[in-house]
Amino acid sequence: MATMAGGIHEVKGFQNNVEIDELAHFVINEHKKKQNKVVVFEKVVNAKEHVVAGTIYYITLEVGEDCKKKIYEAKVWEKPWMNFKEVLEFKSVGVKQD
């Protein structure tokens, strides 16, 4: 991951990025625990990062929910040196249009 402090930056190569996929799965699992819903990870649509005390990731992902493909936006704070991850936000932004 890039380590530039300051503004929000695109994560280059997010489509093939293991760390971004792991964070997306973490978000989905946390959502399942809290909402007791069946949500299936499909793919990461976009990813940005903001280096702060750790890194805040802004991940747009496609999930399968209620027999539909839906788009969610997640905000995840990670401090790897403390083994810390927290979902700050996870919200639906619509149904995927084919």
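One line per residue, one yes/no per condition, for (1) farther than 21 Å from Phe84 by Cβ; (2) crowded, with 17+ Cβ neighbours inside 10 Å; (3) touching a residue at least 12 places away in the same chain (Cβ under 8 Å); (4) not hydrophobic (A, V, I, L, M, F, W, C):
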{"residue": "Gly13", "(1), (2), (3), (4)": "yes, no, no, yes"}
{"residue": "Asn16", "(1), (2), (3), (4)": "yes, no, no, yes"}
{"residue": "Asp21", "(1), (2), (3), (4)": "no, yes, yes, yes"}
{"residue": "Val27", "(1), (2), (3), (4)": "no, yes, yes, no"}
{"residue": "His31", "(1), (2), (3), (4)": "no, yes, yes, yes"}
{"residue": "Ala47", "(1), (2), (3), (4)": "no, yes, yes, no"}
{"residue": "Tyr57", "(1), (2), (3), (4)": "no, yes, yes, yes"}
- Message: Looking at (1) touching a Leu at 6+ places or on another chain (Cβ under 7 Å); (2) at pLDDT below 95, which one does Ala74 not meet, given that it meets all the others?
- Response: (2)
- In region 10-37, which residues are part of a loop (DSSP other than H, G, I, E, B) and out of contact with any strand residue (DSSP E or B) (no Cβ under 6 Å at 6 or more places or on another chain)? Lys12, Gly13, Asn17, Asn36, Lys37
- Answer yes or no: is there a residue in region 69-80 that is touching a His at 6+ places or on another chain (Cβ under 6 Å) and either under 18 Å from Asp21 (Cβ atoms) or touching a residue at least 12 places away in the same chain (Cβ under 8 Å) (or both). no
- Note on the structure: Within region 70-98, residues being part of a strand (DSSP E or B) and either of a type in the set (S, T, N, Q) or open to solvent by less than 40 Å² (accessible area, probe 1.4 Å) (or both) number 10
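The values are calculated or read from the model by the stated rules, or taken from the named source; none is laboratory data. None of the values given here were measured: they were computed from a predicted structure. A quick note on method: Cβ atoms are made from the backbone with ideal geometry, for glycine too, and the neighbour counts reach across all protein chains shown. Remember, those area values only see protein heavy atoms, side chains included, never the ligands or the DNA or RNA. Shrake-Rupley method; radii C 1.70, N 1.55, O 1.52, S 1.80 Å.
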